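The values are calculated or read from the model by the stated rules, or taken from the named source; none is laboratory data. The model shown is predicted, which means the values in this text are computed figures rather than measured ones. For neighbour counting, all protein chains shown are included, and Cβ atoms are generated from backbone atoms with ideal geometry for every residue, glycine included. Side chains included, ligands, DNA and RNA excluded: accessible areas come from the protein's heavy atoms. Shrake-Rupley method; radii C 1.70, N 1.55, O 1.52, S 1.80 Å.
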Amino acid sequence: MRLDYTQLSPKAYQGLLACKNALAESGLGLPLIELAYLRVAQLNGCAFCLKLHSQALRRRGESQEKLDQLAGWDAADALSPREAAAIAWTEAVTRIGETRAPDSLYQPLREHFSDAEISDLTLAVALMNAFTRVAVAMRQ
């Protein structure tokens with residue numbers, strides 16, 4: 001690791017963990033949150049996070065088939081419509097500079113999620129983007 005950011009920036013790091021813990025208690029459910037976290041890790045190329053979140057999903061009983069198909073979710077049939085809407089939003093928020101989080105991806109969320117859940121999902125994606133960017137930059 002380049003720098004031990006958990007020790008060098010403990011208050012900031014603890015803030016990220018507090019946010020993660022709060023989101024784990026949200027109405028989204030931890031399996032969906034972990035699926036979004038795994039997709040963020042895939043998009044950002046964070047090997048540490050890929051292992052962490054795929055293991056967490058397996059421990060929760062997620063099928064290997066779903067995990068195998070997540071990178072190509074839009075061409076596969078492993079996700080429910082609710083999960084697909086969440087993963088499409090996850091990609092849009094992760095690639096915000098390119099996508100600008102379009103209405104065409106936001107509107108389907110409203111069919112499957114409450115306003116609070118959409119807010120929580122967006123925060124979860126933003127949070128995991130912070131975690132993965134720090135992990136990749138610091139070579140965790």
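Applying 1/(1 + (r/R0)^6) with r as the Cβ-Cβ distance of K51 and A75 and R0 = 35 angstrom yields a FRET efficiency of 0.90.
With K and R counted +1 and D and E -1, the other residues having a Cβ less than 13 Å from that of A18 yield a net charge of +1.
Would you calculate a helix-derived [θ] at 222 nm for the chain, using -39,500 (n - 2.57) for each DSSP H run of n ≥ 4 and dividing by the full residue count, to the nearest 500? Could the numbers behind the result be given before it?
Details: 9 runs with 104 residues, N = 140.
Mean residue ellipticity at 222 nm (helix-derived): -23000 deg cm²/dmol.
When the chain is treated as a GNM with alpha-carbon contacts under 10 Å, the residue of S114, S104, S54 showing the greatest mean-square fluctuation is S104.
Our summary gives the chain a relative contact order of 36 percent, counting only alpha carbon pairs under 8 angstrom and 6 or more residues apart.
When the chain is treated as a GNM with alpha-carbon contacts under 10 Å, the residue of D74, D120, D103 showing the greatest mean-square fluctuation is D103. For region 1-101, GluC sites (Glu not before Pro) meeting the loop criterion (DSSP other than H, G, I, E, B) and having at most 12 other Cβ atoms within 10 Å: E25.
What region 41-140 shows is 53 Å² of accessible area per residue, with the surface traced by a 1.4 Å probe over protein heavy atoms. Along the axis of the charge dipole computed for region 36-140 (Cβ charges of +1 for Lys and Arg, -1 for Asp and Glu, origin at the Cα centre), the listed residues A47, L123, L79 are led at the positive end by A47. Please check which bits of region 17-53 a label hung off R139 would reach, taking the label as a point 7 Å along Cα-to-C-beta and the cut-off as backbone N under 17 Å. Answer for region 17-53: 46-49. Mean-square fluctuations from a GNM of the chain, with a 10 angstrom spring cutoff on Cα atoms, peak among I96, I87, I118 at I96.
Can you pull the percent of the chain's accessible area that's carbon plus sulfur, 1.4 Å probe, other chains left in place?
Within the chain, the accessible surface is 53 percent carbon and sulfur.
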